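J.: This structure is in C-alpha cells; I'll ask about it shortly.
The values are calculated or read from the model by the stated rules, or taken from the named source; none is laboratory data. Just so it is clear, the structure is predicted and the values come from calculations on it, not from any experiment. Keep in mind that these areas ignore ligands, DNA and RNA; they rest on the heavy atoms of the full protein, side chains included. Shrake-Rupley method; radii C 1.70, N 1.55, O 1.52, S 1.80 Å.
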Amino acid sequence: NSDMGADEFIDDDGDGMADYLQTVTVVVADQRGAWDQSGDHDENDDSTYTGRLAGTTRRSYFIFPLDGVSGTVVAALLQLEVVDYTSTLISDTLDVYDVTTAAATLEASGSGATGIFNDLGGGTRYAQRDVGPGDVGQVLQISLPASAISAINAQLGGPFAVGLHLNFFGVSPTEYITFSTGTETRVHRLIVATE
C-alpha cells in the first residue's frame, strides 16, 4: 500500500506542534561559576562545585547567550556533564532554579553578596533530579518546564541563567556534585526548539 504524499504528524516533545515545523538550536554556556554562602565569588574561577566543600555551601550557575536563537521557544533541554560526585550517600537531589540577578553581576567577582547566593537556590524551581556516583562521566538530561521556557523567551537576544542547588541528606562537611573543576571544556548546553 502506497502512502506517497502522506504527512505524518510526529510530535516528540508533546507541544502540539509537528517536529518538522521546529528548529533546534544548541546554546553552549559561555560563563559558569559558583557563589558560596558568604556571598563570595571569583570571576576567574570557573569551577562549579555545588553542595558543601569543606563545610562551606556553594551554589553554581550557568549563563547561556541567546543571541543566536530566533523564533518562539517551545521546548528546552538542559544538558550538564557530571565531573564528580562526592557524598557518603547513594544520591542527593539537585535543583535547577531561575536566576533574577543580572548576568554581568552574576559573573563578576564579589564579596558578601549573600543575595546572589540566595538567588541561585530560591525563587522558581525549574527542575529536580536525583544524582549519584553512577552519573559521573555522564551528561544529565534535564527537561525544563513551561516556566523556564517563558523565561527563555523573555531573554531572547540576551543571556539566560540557571542556578543549581544541592539538597543535602547527609551530614558530611564535604558533599557535592561538580560540572567543571576549572576552565576545562565540558558539556554545558541548553538545547531549545523554536517555531
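J.: Could you check which residue among ASP84, ASP30, ASP40 shows the biggest mean-square fluctuation in a GNM of the chain with a 10 Å Cα cutoff?
T.: Its mean-square fluctuation being the largest, the pick is ASP30.
J.: Something else about it: Per residue, what volume in Å³ does the Cα convex hull of the stretch 30-81 take up?
T.: Looking at the stretch 30-81, the number lands at 113 Å³ per residue.
J.: Which Rg and Dmax, in Å, describe the Cα atoms of the stretch 50-156?
T.: 15.0, 45
J.: How big is D, in µm² s⁻¹, for the stretch 99-193 by Stokes-Einstein at 37 °C and 0.692 mPa s if Rh is the Kirkwood radius over C-alpha pairs?
T.: Translational D for this selection: 210 µm²/s.
J.: Over the stretch 76-179, average the accessible area per residue using a 1.4 Å probe and give it in Å², no decimals.
T.: Value returned for the stretch 76-179: 41 Å² of accessible area per residue.
J.: First compute the accessible area of the chain with a 1.4 Å probe, then give the percent of it belonging to carbon and sulfur atoms.
T.: That share works out to 48 percent.
J.: Which of the following values of volume of the Cα convex hull per residue in Å³ was calculated from the structure shown: (i) 255; (ii) 134; (iii) 194?
T.: Step by step, volume of the Cα convex hull per residue in Å³ for this structure corresponds to label (ii).
J.: With n ≥ 4 as the cut-off for DSSP H runs, can you work out [θ] at 222 nm for the chain, using -39500 (n - 2.57) per run divided by the number of residues, rounded to the nearest 500?
T.: Here the helix-only value at 222 nm equals -2500 deg cm²/dmol.
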